[in-house]
Amino acid sequence: MDPRMAAELTKQVQATPSQKRLQIVVGDFVKAELPYFDVCIFNTPYKISSTIVFCLLSHRPLFHIAILMFQQEFTRHLVAQPGSSLWSRLSANVQLYAKVDHIRDVKRNNFRPAPQVKSSVVRLVPRDPPPPVKFEEFDGLTRVIFSCKNKTVWATFLHAGVISMLENNWRTVTDNAVDFKDYISELTESTDFTEQHAVKMSVNDLLKLMLVFHDKGIHFA
Ligand SMILES: C[S@@+](CC[C@H](N)C(=O)[O-])C[C@H]1O[C@@H](n2cnc3c(N)ncnc32)[C@H](O)[C@@H]1O
């Protein structure tokens, strides 16, 4: 590893008020039962980047800080902000649970042999306490919203596949005989986000939208 990078990572770790314990886990990271840890420094296998991020964020007790290296393109999504073309389901899902900052890009020639892809290092600090939102529910909403990220929220919710998925969820908890398309159409028009495009919706906007649906008994997972 580049000595400057090593020095920077060491500084990050030393700035962390942790009990400095080293944990060694042998096996498949995704399947392993992770022990308690404060700090995670990980040159991740890039093909399982998002699995790793969500494994870490769902781990309890919460860790304090993670310094992670990923493929550069992936990190651009992790740190993207609403309004950017890179703002995506991944960005919103991760930023709901963690503050993510870009630390630095790593050039190909910092490795021997030089890999095909560029890398970047990010810092992930979980929100503590974590928001009281079920991951599957928020992910269900972002799956819908970002399926048509340049359409308006109103248009997205009137898509036949979306209506049918939400209606199935809804019918499992209600006997209400109203026409679901009318129900959801009125509901969507009543929000502040009708004309909003997914690409501009912040995590808070998405949470507000999710609560509007929950108030009417509609769930995304
Ligand atoms: C340091 S990582 C990644 C290197 C580089 N960032 C990449 O993606 O090619 C490479 C190492 O991770 C290991 N590895 C791959 N998948 C893994 C998994 N699910 N759990 C634990 N280790 C894994 C591989 O065996 C390999 O030794």
Relative contact order of segment 65-204, defined on C-alpha pairs under 8 angstrom at six or more residues apart (%): 28
Translational diffusion coefficient (Stokes-Einstein; Kirkwood radius from C-alpha pairs) of the chain at 37 °C, 0.692 mPa s, in µm²/s: 169
Cα coordinate range in segment 150-202, projected on the principal axes (Å, largest first): 35, 20, 18
Residue pairs, from the table Lys99/Lys149; Lys99/Lys208; Lys107/Lys151, whose Cα atoms sit over 28 Å apart: Lys107/Lys151
Ratio of the Cα radius of gyration of segment 19-115 to 2.2 N^0.38 Å, where N counts its residues: 1.14
Mean Cβ neighbour count within 10 Å, used as a protection proxy, ranking 210-216, 173-179 highest first: 210-216, 173-179
Folded to 0 to 90 degrees: helix 135-145 orientation relative to the chain principal axis, Cα: 70
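We did not get these values from a lab; they are worked out from the coordinates using the rules stated. Note that the structure is predicted; figures quoted are calculated from it, not measured. Every residue, glycine as well, gets a Cβ built from its backbone with ideal geometry; the counts of neighbours run over all protein chains shown.
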